[in-house]
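The values are calculated or read from the model by the stated rules, or taken from the named source; none is laboratory data. It should be emphasised that the depicted structure is a prediction, and the values quoted were computed from it without experimental measurement. Heads up, the Cβs are rebuilt from the backbone with ideal geometry, glycines too, and the neighbour counts pull from every protein chain shown. SASA here: full protein model, heavy atoms, side chains in, ligands and nucleic acids out. Shrake-Rupley method; radii C 1.70, N 1.55, O 1.52, S 1.80 Å.
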Amino acid sequence: ASAQFQLAVPVAVVFAPGSVPGDLPRPLPFRDVQEMEISVNLRTSITSRYETVYRSTTAQEEAALDVATAQEADAALHPLQDTSLGALSVYVVPETSSLLPQGISVYVGKHRSALVRAGGGLATLRTRIRQLTQVMSFTASSIAAALSDRVPDGQLSPDARRHLKSSLGYEITFSLLNPDPKSHTVDWDIEDAVNRYVQPVLDKLSLVANFSVDSQILYYAVLGVTPRFDKESSNFFLSAHSLPHVINPVEARLGSSAASLYPVLNFLLYVPERSHSPLYIQDKDGTPVSTNAFHSPRWGGIMIYNVEAPASPQASFPLHVDVDMVRVMEVFLAQLRLLFGLSRDELPAEFLLESPGNEGLADWELDRLLWAHTVENIATVSTTLTSLAQLLDKIGNIVIKDDVASEVYQAVASAQSAMAKLAMGHLHSAFQASKEAVTSSERAFFDPSLLHLLYFPDDQKFAIYIPLFLPMAVPILLSLAKIVREARQRKKEPTKMD
């Protein structure tokens, strides 16, 4: 199915006093629209429209910019700007402004605004704004990753297939693996750690999907790969090429994904047994990985947590271990960001990005996720409905109930509404409509009234009904044969002439 997407991004460029370039084409305020084509494939075209308004600061905005640091300005400007999802505000400050640190010309805040140092003419400013929109809304590669099912393999970056597919919900499981309970009694305060570090991130992401979190402790669960012992350092090592083989044996013990409706993200903390301690992960070059952790795309991550050997030989076993949850959660949250495709790209040297703090992701990062997921949802609906139509074409005598038909109409209407909202720059309502479209299309595709008919192709029907009809068919066929015989005999007998 072909699709023409139009993604409109509302951008406000606000000039502080003393920052207006001399070569503006018209007096402020004025509007300007720039379009860019993103090539995906022959059937899918994407146009991004940057609808920019150039204007001067209001008195309130001027006051908000009259502070000491960029962080304070970002916080003061937040209540004054357009907070609708997907909208960006760019504040241009004079070249001599001390708001931005030395050598920094672009500061990206943790909401939906950025500060840009004036300098050069309008062309320089436009280049910076284009770079900013690539950072803060979407890029050709983030949209191509969302449409990865439609993009030819060669055109995708290696990261594109790492990201989780868009889903209405996700399940997150934290597991502590203690393969050697005779040597170690391990305590981790997972409930407090989740409330403190994970929940703020999930609250922010609750707009994207529903999340459920659970945790478990597994005993005698081993990695399934024997680590290599290094005599020089007396350490054990897992090499990069053996990491894929670590997951399968462990996954068999996790047992959570079988009963789940939604994708499951597994975060495993592994305390190595005493006979294999300390255990370190090596990268491809043979150097130990600083976090001692690795992640598997669309699956989750594993962190190895070494326990210090007791100093005295008389130490009693099992040793009591209290896990440092701050260190562990730092790693797991970084992996969670990677799995959602929120890793930050390499930026030009003059860019400075504000840390999102306790929330784990900035407002504009949430927008990036929503742009990608909205496009992916619409593409998924298109594929699901096309598959359903092809399937129903093949089964001639299938009966489609009214509720299935209404779900299909609802899915099409919601997908069209999402496309229209994207073209208007209303990201939030576009995303909601795309979620409704996915729900309706899945309901139609997996409707029980269709499902049980799919399992009865014509040859199966014959196989079922022939044994029932055979006992009745035998006397009927014999009677027919008798009638035919008698008819032939009558023909043979000469007719009597009186």
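Observations, loosely collected:
- Only one entry in Leu392, Leu385 is buried (at least 17 other Cβ atoms within 10 Å of the Cβ), touching a helix residue (DSSP H, G or I) at 6+ places or on another chain (Cβ under 9 Å) and either of a type in the set (Gly, Ala, Ser) or more than 15 Å from Ala8 (Cβ to Cβ) (or both), namely Leu385.
- Among the residues making up the stretch 416-440, those that are assigned to a helix (DSSP H, G or I) and over 19 Å from the mean Cα position of the chain (by Cα) are Gln416, Ser417, Met419, Ala420, Lys421, Ala423, Met424, Ser440.
- Residue check, Ser113 open to solvent by less than 10 Å² (accessible area, probe 1.4 Å) and not β-branched (Val, Ile, Thr): yes
- When restricted to residues that are outside any helix (DSSP H, G or I), among the hydroxyl-bearing types (Ser, Thr, Tyr) and open to solvent by 70 Å² or more (accessible area, probe 1.4 Å), the stretch 258-286 contains 2.
- Count of the stretch 381-415 residues, restricted to those that are over 10 Å from Ala444 (Cα atoms) and acidic (Asp, Glu), is 2.
- The C-beta contact set for the stretch 375-389 (first residue not assigned by the TED database to the domain that holds Tyr409, second residue open to solvent by less than 30 Å² (accessible area, probe 1.4 Å), distance under 9 angstrom, 6+ apart or interchain) is empty.
- In summary, Val151 fulfils each of the numbered conditions (1) crowded, with 16+ Cβ neighbours inside 10 Å; (2) at pLDDT 90 or above; (3) in contact with a strand residue (DSSP E or B) (Cβ under 8 Å, 6 or more places away or on another chain) with the single exception of condition (2).
- Neighbours by Cβ (under 8 Å, 6+ apart or cross-chain): first from the stretch 415-441, surrounded by 21 or more Cβ atoms within 10 Å (Cβ to Cβ); second among the aromatic types (Phe, Trp, Tyr) and in a helix (DSSP H, G or I): Ala418/Phe431; Leu427/Trp371
- Long-range neighbours under 9 Å by Cβ, at least six apart or interchain, first residue in the same structural domain as Ile129 (by the TED database) within the stretch 23-42, second open to solvent by 100 Å² or more (accessible area, probe 1.4 Å): Gln34/Arg130; Met36/Arg130; Ser39/Gln155; Val40/Gln155; Asn41/Gln155
Let's see how each residue does on (1) more than 31 Å from the chain's Cα centre (by Cα); (2) outside the structural domain of Ala12 (by the TED database); (3) buried (at least 21 other Cβ atoms within 10 Å of the Cβ):
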{"site": "Tyr50", "(1), (2), (3)": "no, no, yes"}
{"site": "Arg55", "(1), (2), (3)": "yes, no, no"}
{"site": "Ala59", "(1), (2), (3)": "yes, no, no"}
{"site": "Ala76", "(1), (2), (3)": "yes, no, no"}
{"site": "Asp82", "(1), (2), (3)": "no, no, no"}
